[in-house]
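Peer 1: Quick one: the structure is below, and I'll ask about it shortly.
Readers should treat all values here as calculations from the given coordinates under stated rules, not as data from a laboratory. Keep in mind that this is a model prediction, so the values were computed, not measured. Every residue, glycine as well, gets a Cβ built from its backbone with ideal geometry; the counts of neighbours run over all protein chains shown.
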Amino acid sequence: MLETLLSIDYTPFILSFKLAAITTLILFFLCLPLAWYLSQTRSKIKPIIEAISSLPIVLPPSVLGFYLLIALSQINLSFSFWGLVVGSIFYSLPFMVQPLQNGFESINRNILEASYICGKSKLETIFKVALPNMKPALLTALIITFAHTVGEFGVVLMIGGSIPNETKVASIAIYELVEVMDYKNAHIYAAIMVVMSFLVLLSVYIFNHKESFKFKGLH
């Protein structure tokens, strides 16, 4: 078993983790102001913005991938790693926005008002007051976005194909192994993905439970 684990090509996993890390970092800074706006505004266009940002959850990956492929082809980014990054940003956007928005909405508005009264700007209030008071939501947003990006398949296949060391991520590698009926290695790749996904979710739940106990202990 150890020999088998040592002999398989881990490049698709490294590529998947690289893609997920870059996507998560970019989405955090892109979605932070959007999530803050949605949590604070009472504008009539709020439901429209929420619906647009949530579209990737309900759209078939092939549909989203098709339009992204057309758009990326115009700027020579299709079938490239950075094309995958752009596609992943769109596909994983709601998994960053929604937890952050929920986290901001859960904060007592009196705390935010006190921050403004003390002379802090909105930016200082977000980073020094809001984010420290919504650690579970922040962690959930970061980890779920990372994990969701690692597990991408449909969008990645549509806009990136399967170019070794460039766009052949773990999910694509598993698909190709099944296509050639190499079930032994497909099992190993799939098992790694299952274990990784489980550990990611477990870490989120453990942290959130600990934070919940701390909160109850203060009350």
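Peer 1: Go through [x] 0.95; [y] 1.04; [z] 1.01 and flag the label whose value is the computed Rg/Rh (Cα atoms, Kirkwood Rh) for this structure.
Peer 2: Computing Rg/Rh (Cα atoms, Kirkwood Rh) and matching it to [x] 0.95; [y] 1.04; [z] 1.01 gives [y].
Peer 1: Follow-up question, since we're still on this one. Give me the angle, in degrees from 0 to 90, between the Cα long axis of helix 46-58 and the longest principal axis of the Cα atoms of the chain, rounded to the nearest 10.
Peer 2: Approximately 20 degrees, to the nearest 10.
Peer 1: Once you've got the GNM for the chain with C-alpha springs shorter than 10 Å, pick whichever of Ile174, Ile26, Ile206 has the biggest mean-square fluctuation.
Peer 2: Ile206
Peer 1: What are the ³J(HN,Hα) values, in whole Hz, obtained from phi via the Karplus relation 6.51 cos²θ - 1.76 cosθ + 1.60 with θ = phi - 60°, for each residue of the range 87-103 in sequence order, with x given for Gly and Pro?
Peer 2: Listing the rounded values in order: x, 5, 4, 5, 5, 9, 3, x, 6, 9, 5, 5, x, 5, 4, 4, x Hz.
Peer 1: Can you give the net charge of the other residues whose Cβ lies under 13 Å from the Cβ of Ser39, counting K and R as +1 and D and E as -1?
Peer 2: Every neighbour counted, the sum reads +2.
Peer 1: Calculate, in nm to one decimal, what Asp9 and Ile163 gain on full extension: separation in residues at 0.36 nm each, minus their alpha carbon distance.
Peer 2: Contour length minus the Cα-Cα distance gives 54.0 nm.
Peer 1: Still on this structure: Charges on Cβ only, +1 for Lys and Arg, -1 for Asp and Glu, centred on the Cα centroid of the chain; of Phe29, Ile192, Ser39, which one is farthest towards the dipole's positive end?
Peer 2: It is Ser39, whose Cα lies furthest towards the positive end.
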